[in-house]
Amino acid sequence: NFNSMADSIHDQKMALAEKSAENERLLLNILPASVAERLQAGERVADDLQQVSVVFIHMLGFTELSGHWTAAESAAVLEQLIDMLDEAAERYAVERVKTVGETYIAACGLTTARLDHASQTVDFAIDALGISRRLDQEHAQQLALQIGIHSGPVVSGVVGTTRFNYELWGETVEIAKRLHTQAKPNGLLVTETVYQRIDGQVDFSREQSVTSFTSEIPVYEYTGFHADDTSDADDEGAEA
């Protein structure tokens, strides 16, 4: 009886350990690692962050895909694109906050402060445009991205209890959100704040403005040239 009880206790401990590991994996799929650790420690996660770059990426073409492909096929392509964006985000220290339908929301400087958050986010966005072009060619569909970036203070936190989300809010988030809707297909728009921070490393042209809560903010459009990356130009020359 004693041995049977000991075996039962051991089995229960193993089941609890497996359940805990599974819960941790699920948390890490939803939240940045440092946020997941704080939540597991019982901390209420809510932060005022002063220097963050927020990027909104809207994925065009999936509504049209759903009319020609099965739900499984269009979901597989969307999953492929999100996985590729996640891989690129990791290279540039950009963290995915969440996806909402066909919109991918991410930020740099959330869990680790970075002086180069604006340039890292712009580099990620340029990489994302390349990913979109490659995926469009692979599937022979009209896939494209609309991207908007703004830098400034944000509030971040985990909201909800039984079904929680990691959320960003504040004027910086709203401006980035508005900006991406104004971008052309496979276009990238940034605010003057971002443009000044990247200091000529990437070629932009003055385009328009976006309305904030208090004023009009100048907006710049990416023109396709990166001072530190000539790979696209080399590829085009090779194709020619």
- Message: At 1.4 Å probe size, what's the solvent-accessible area of residue 48? Round to the nearest 10 Å².
- Response: 120
- Query: Roughly what would the spin-label model give for residue 215 and residue 164, points 7 Å off Cα along C-beta, in nm?
  - Reply: 3.8
- Gain on full stretching of the segment that runs from residue 142 to residue 48 - 0.36 nm per residue minus C-alpha separation: 29.9 nm
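Of 68, 180, 139, which has the most accessible area and how do the rest follow, probe 1.4 Å?
Putting 68, 180, 139 in descending order of accessible area: 68, 139, 180.
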- Task: Please check which bits of region 36-70 a label hung off residue 113 would reach, taking the label as a point 7 Å along Cα-to-C-beta and the cut-off as backbone N under 12 Å.
- Result: 49-52
- Task: Skip the ligands, DNA and RNA, and give the accessible area per residue of region 84-159 with a 1.4 Å probe, whole Å².
- Result: 39
- Task: Along Cα→Cβ, 7 Å out, is where each label goes; now give me the distance between the ones at residue 181 and residue 4 in nm to one decimal.
- Result: 6.7
- Query: Once fully extended, how much extra length lies between residue 134 and residue 205, figured as 0.36 nm per residue of separation less the alpha-carbon to alpha-carbon distance?
  - Reply: 23.1 nm
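Quantify, in whole percent, the carbon and sulfur part of the accessible surface of region 36-186 (1.4 Å probe; protein heavy atoms only). Walk me through the numbers on the way to the answer.
Numbers: 3560 of 7290 Å².
Result for region 36-186: 49 percent of the exposed heavy-atom area is carbon or sulfur.
The values are calculated or read from the model by the stated rules, or taken from the named source; none is laboratory data. The shown structure was predicted, so the numbers you read here are calculated from the model rather than taken from an experiment. Quick reminder, even Gly has a Cβ in these numbers, built from the backbone with ideal geometry, and neighbours come from all protein chains shown. Ligands, DNA and RNA are excluded from the accessible area calculation, which covers all protein heavy atoms including side chains. Shrake-Rupley method; radii C 1.70, N 1.55, O 1.52, S 1.80 Å.
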